[in-house]
Amino acid sequence: MAIFETLAGTGHEQVVFCNDEATGLKAIIAIHDTTLGPALGGCRMWDYGSEEEALEDVLRLSRGMTYKAAVSGLSLGGGKSVIIGDPKKLKNEAFFRTFGRFVDSLSGRYITAEDVNIRVKDMESVALETPYVTGINSRVGGSGDPSPVTAWGVFNGIKASVKHKLGKDSVNGLTVAVQGCGAVGTFLTEFLTQEGAKVFAADLNQDKVKNVVESFGAEAVDLNKIHSLPVDVYAPCALGGILNDNTIPELQTTIVSGGANNQLLDEAKHAAMLKEKGILYAPDYVINAGGLINVYQELQGYDADAARTKAAGIFDTLINIYKESDEQGITTIQASNKIAEDRINSVRNMKDLRNNFEGQLWINQ
Ligand code: NAD
């Protein structure tokens, strides 16, 4: 891979390769853009097939974080890290403390958090070596599990979609298909049913479906049919790539708004297919930004109410995106990318008003 050529194409500022033979740590930290603030993004541990695959993943994910923070109005840049290897074999205290030292060496340009295969306990080891870590246990002043705030943001995002597409101020009496009854899907089902929506639910794990049926009166449906139900809202809360050539023709809803990451298998193609079918799509990185908003709040001194209030602002963010999309005749993803890029560019191009005349001789003495 021609690394600098790749970085020039993606706009990355800095990529750090971290190697420690004693613990077996091999990690890559990618800082995409720090125009708006320090680059914040989770650390993912994965047994990648190759180093190129790990690099591609961290570059893609860190760029996504720049857009997510920018469109959500946060003073953060985009970054991400990946640790290469089998979590079952490699994880221990020294391993994560060493990773923490690498993070610390960047002096706050990158702030880490949990992602796939990383637990709060791992981040607590990282926190022994650096203050540049978020998402640590709520008992020690951190924000803890982000999924209730993520789900609260998704709920408010669904309300924005319903307002824009159906002209309604509430989900009361509407039908919603929730695909995936994990952490986000379960909290989302609770919020939806509390406001009077009828929820249909499906998950690979039948115990999780049983939980939402018994706790919130959801109705269990076939895993393979959940996306094609004739409902007001389809809310993907499990897998990525769920909006594709096969599923989009089968959709019988006019709104897709859910918490899952990377819902569009091919961003440009499948966003256009949804638009052609008259389906309103809430860009995933916008509607599921509650988790990032939650850890951002931790940097200011964690306040759960403030995090929820800020996550509720996803309503206004989406209304703005839908308006831009309608006015410009572009997809909602194109509209949100544009809003993010405009914000970054306007801050990047700010006039420098600091005194930089020192030592210059043109001032009359
Ligand atoms: P989770 O692991 O708690 O739940 C995911 C659920 O999806 C599991 O119950 C799993 O059994 C189910 N599932 C997997 N494959 C499925 C399939 N084919 N059909 C139906 N169900 C299936 O994860 P989570 O934290 O609830 O996250 C859900 C989604 O939201 C993920 O895409 C995640 O990346 C995204 N997300 C989560 C957060 C957060 O704060 N947790 C933040 C942003 C984005």
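The values are calculated or read from the model by the stated rules, or taken from the named source; none is laboratory data. These numbers were taken from a predicted model, which means no experiment stands behind them. A quick note on method: Cβ atoms are made from the backbone with ideal geometry, for glycine too, and the neighbour counts reach across all protein chains shown. Quick note on the areas: whole protein, heavy atoms, side chains included, nothing else; ligands and nucleic acids left out. Shrake-Rupley method; radii C 1.70, N 1.55, O 1.52, S 1.80 Å.
For the range 96-119, the candidate set comprises residues that are at pLDDT 95 or above and touching a helix residue (DSSP H, G or I) at 6+ places or on another chain (Cβ under 8 Å); within that set, the residue that is surrounded by the fewest Cβ atoms within 10 Å (Cβ to Cβ) is Arg97.
Taking the range 164-210 as the range and being more than 9 Å from the ligand (Cβ to nearest atom) and part of a loop (DSSP other than H, G, I, E, B) as the test, the residues that pass are Gly167, Lys168, Asp169, Ser170, Val171, Asn172, Gly173, Leu174, Glu195, Gly196, Ala197. Among the residues of the range 225-280, write down those that are crowded, with 22+ Cβ neighbours inside 10 Å, in a loop (DSSP other than H, G, I, E, B) and free of Cβ contacts under 8 Å to residues at least 40 places away in the same chain. Of everything in the range 225-280, just one residue is crowded, with 22+ Cβ neighbours inside 10 Å, in a loop (DSSP other than H, G, I, E, B) and free of Cβ contacts under 8 Å to residues at least 40 places away in the same chain, namely Gln263. A single member of Ala271, Ala311 is within 16 Å of the ligand (Cβ to nearest atom) and touching a helix residue (DSSP H, G or I) at 6+ places or on another chain (Cβ under 9 Å), and it is Ala311. Within the range 36-52, no residue satisfies the criterion of being surrounded by 20 or more Cβ atoms within 10 Å (Cβ to Cβ) and of a type in the set (S, T, N, Q). Being within 13 Å of the ligand (Cβ to nearest atom), modelled with pLDDT of 95 or more and within 29 Å of Thr331 (Cβ to Cβ) is a description that applies to Leu223.
If you take the residues of the range 120-146 that are under 15 Å from the mean Cα position of the chain (by Cα) and open to solvent by 10 Å² or more (accessible area, probe 1.4 Å), which of them is nearest to the ligand (Cβ to nearest atom)? By that ranking, first place goes to Pro146.
In the range 1-25, the residue that is surrounded by the most Cβ atoms within 10 Å (Cβ to Cβ) out of those that are under 13 Å from Ala94 (Cα atoms) and touching a helix residue (DSSP H, G or I) at 6+ places or on another chain (Cβ under 9 Å) is Leu25. Of the listed requirements (1) open to solvent by 40 Å² or more (accessible area, probe 1.4 Å); (2) out of contact with any Lys or Arg (no Cβ under 7 Å at 6 or more places or on another chain); (3) of a type in the set (A, V, I, L, M); (4) at pLDDT below 95, Leu166 misses just one: (4). The residues of the range 318-334 that are buried (at least 22 other Cβ atoms within 10 Å of the Cβ) and assigned to a helix (DSSP H, G or I), listed by number, are Leu318, Ile321, Ser325, Thr332, Ile333.
Considered as a group, the residues in the range 281-308 that are assigned to a helix (DSSP H, G or I), small (Gly, Ala, Ser) and within 12 Å of the ligand (Cβ to nearest atom) include one that is surrounded by the fewest Cβ atoms within 10 Å (Cβ to Cβ), and that residue is Ala307. Looking at (1) among the hydrophobic types (A, V, I, L, M, F, W, C); (2) out of contact with any Ser or Thr (no Cβ under 6 Å at 6 or more places or on another chain); (3) open to solvent by 30 Å² or more (accessible area, probe 1.4 Å), which is the only condition Phe216 fails? That leaves (2) as the condition not met. Determine whether the range 317-332 contains at least one residue that is farther than 18 Å from Gly258 by Cα and small (Gly, Ala, Ser). Yes, that holds for at least one residue.
Kindly indicate which of Val116, Val149, Val171, Val133 is touching a Leu at 6+ places or on another chain (Cβ under 7 Å) and among the β-branched types (Val, Ile, Thr).
Details: Val116 fails: touching a Leu at 6+ places or on another chain (Cβ under 7 Å); Val149 fails: touching a Leu at 6+ places or on another chain (Cβ under 7 Å); Val133 fails: touching a Leu at 6+ places or on another chain (Cβ under 7 Å).
Val171 is the lone residue from the list that is touching a Leu at 6+ places or on another chain (Cβ under 7 Å) and among the β-branched types (Val, Ile, Thr).
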